[in-house]
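Working notes, structure below.
The values are calculated or read from the model by the stated rules, or taken from the named source; none is laboratory data. Source: prediction; values computed, not measured. Neighbour counts run over all protein chains shown; Cβ positions are idealised from the backbone, glycine included. With ligands, DNA and RNA removed, areas are computed over all heavy atoms of the protein, side chains included. Shrake-Rupley method; radii C 1.70, N 1.55, O 1.52, S 1.80 Å.
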Amino acid sequence: MPLALLALAVSAFGIGTTEFVMMGLLPNVADDLGTSVPTAGHLVSAYALGVVIGAPLLTGLGSRVPRKRMLLLLMALFIVGNLASALAPGFGTLLAGRVLAGLPHGAFFGVGAVVAARLVSENRQARAVATMFLGLTVANIVGVPAATALGQHLGWRATFLVVTGIGLVAMAALARLVPQMPLDAHQGVGRELRALGSRQVVLGLLTAVFGFAGVFAVYAYLASMTTEAMGLGEPSVTLVLALFGIGMTLGALVAGPLTDRALRPTLYGSLAALALVLVAFPFTVHTPWLALTAVVVLGAVGFLTTTPLQMLVMRKAQDAPTLASASNHSAFNLANAGGAWLGGAAIAAGWGWTSPAFVGAVLAVVGLGIAAAAGLLDRDRTTTGASRVIAAGNPRTPETVSSSSRATGS
């Protein structure tokens, strides 16, 4: 694998750390700034809002900027946002800093995924994208627990200063290791928007919103499930979150080769497995070793969905994949917010601490249904196209046309 993928993975590590660390620092921030924990929770939503807004906006504005320069500009914005968070004098300015730090998130992963795919041969593109995402998963194993512990001992501002430093290292690695890539001759925001409007791209984004919401319906309340349902002490929360991160990493490692081999079957299988694991999860919580194993498996099958979804929208957007790729991260963050909200609603309704798992299973099934419908529509389009070729007297057979479609990721 090219060394440039290491620079992208380091960048993803920094982004993943700053995205998730706030969940562990909410009590510290609330105490320091004189607000409540629920109010401090808006800092998590603020980052997600930045991602949702920034992904299409910054990608569109940067559609004519060379990709390496765009990555450097986005990382610079990430650094500024985290530095602003570290130096924020009050809650309002910290809220603004979190939005600012979130703005480049989706655009960076969108551009980065395209760059990663173009660094390798076509049959290794999913593995290259998954390698970049490894930085995001490792952040949940190492970055988030370490940054949370640092914030608890030295103050939450120290955490964001360290993340700022990671951003500077990542920026230097990007400048040194990522090669220059010429823009496509007809690349522009109009073309990107037309690609985003493709039916298959829209269905792929909807699959991400519903399917991945199933993961976050549980992940958002995993700490509470650890103490309230599993009966483990508060010190075990860090272990459980780290195990989830290990599962995510295992899922990312497997997702690349499987997606390169068979994209849609990998997507169908991961969503089906996610639904089954979520249904089984509430029945494991009373046996500690079984519950901890289930956490690892949940992280693995949950993150197994991300690479095929990313590659699907990139391939279906054809010659203008950047905006679609970035919008996929907006979809993932909508899934984060929606899954957490629905999971919380189930708990508030008195259905129990493990009820978000059943909510998540329903969401995963909905995502699987959308993915299956998209696959059927795509197959119908391929079959119709083959029939038209034969009717026109072209000697190519339906099998030849279908093989060509598969070669382009259909």
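Some notes on this structure:
- The one condition in (1) within 22 Å of the chain's Cα centre (by Cα); (2) among the aliphatic types (A, V, I, L, M); (3) open to solvent by 10 Å² or more (accessible area, probe 1.4 Å); (4) modelled with pLDDT under 90 that Leu222 fails to fulfil: (3)
- For the condition surrounded by fewer than 19 Cβ atoms within 10 Å (Cβ to Cβ), touching a Phe, Trp or Tyr at 6+ places or on another chain (Cβ under 9 Å) and either touching a residue at least 24 places away in the same chain (Cβ under 8 Å) or closer than 26 Å to Leu258 by Cβ (or both), Ala372 qualifies.
- Qualifying residue in region 250-260 (condition: charged (D, E, K, R) and either surrounded by 24 or more Cβ atoms within 10 Å (Cβ to Cβ) or under 14 Å from Leu309 (Cα atoms) (or both)): yes
- Hey, Leu263 closer than 30 Å to Arg379 by Cβ and either modelled with pLDDT under 90 or in contact with a Leu (Cβ under 7 Å, 6 or more places away or on another chain) (or both) or not: yes
- Top-ranked residue in region 345-370 [being modelled with pLDDT of 90 or more and of a type in the set (Phe, Trp, Tyr); ranked as nearest to Ala217 (Cα to Cα)]: Phe358
- Only listed residue being free of Cβ contacts under 8 Å to residues at least 24 places away in the same chain and either on the phi > 0 side of the Ramachandran plot or assigned to a helix (DSSP H, G or I) (or both), chosen from Ala280, Ala275, Ala300: Ala280
- Candidate set from region 318-356 (those that are open to solvent by 10 Å² or more (accessible area, probe 1.4 Å) and not in a helix (DSSP H, G or I)); member that is farthest from Leu241 (Cα to Cα): Asp319
- Among the residues of region 24-51, those that are open to solvent by less than 10 Å² (accessible area, probe 1.4 Å) and under 20 Å from Leu241 (Cβ atoms) comprise Leu25, Val29, Ala30, Ala40, Leu43, Tyr47.
- Single match in Phe91, Phe13, Phe20 (criterion: among the aromatic types (Phe, Trp, Tyr) and over 19 Å from the mean Cα position of the chain (by Cα)): Phe91
- Restricting Ala147, Ala139, Ala158, Ala116 to those that are assigned to a helix (DSSP H, G or I), touching a Leu at 6+ places or on another chain (Cβ under 9 Å) and within 29 Å of Leu312 (Cα to Cα) reduces the list to Ala116.
- Among (1) open to solvent by 30 Å² or more (accessible area, probe 1.4 Å); (2) modelled with pLDDT under 85; (3) within 30 Å of Leu61 (Cβ to Cβ) - the single one Arg199 does not satisfy: (2)
- Any hit, region 35-44, residues being under 22 Å from the mean Cα position of the chain (by Cα), outside any helix (DSSP H, G or I) and modelled with pLDDT under 85: yes
- Considering residues of region 225-249 that are aliphatic (A, V, I, L, M) and over 17 Å from Gly143 (Cβ atoms) only, the residue least open to solvent (accessible area, probe 1.4 Å): Met225
- Region 52-94, residues that are part of a helix (DSSP H, G or I), buried (at least 19 other Cβ atoms within 10 Å of the Cβ) and of a type in the set (S, T, N, Q): Thr59, Asn82, Ser85
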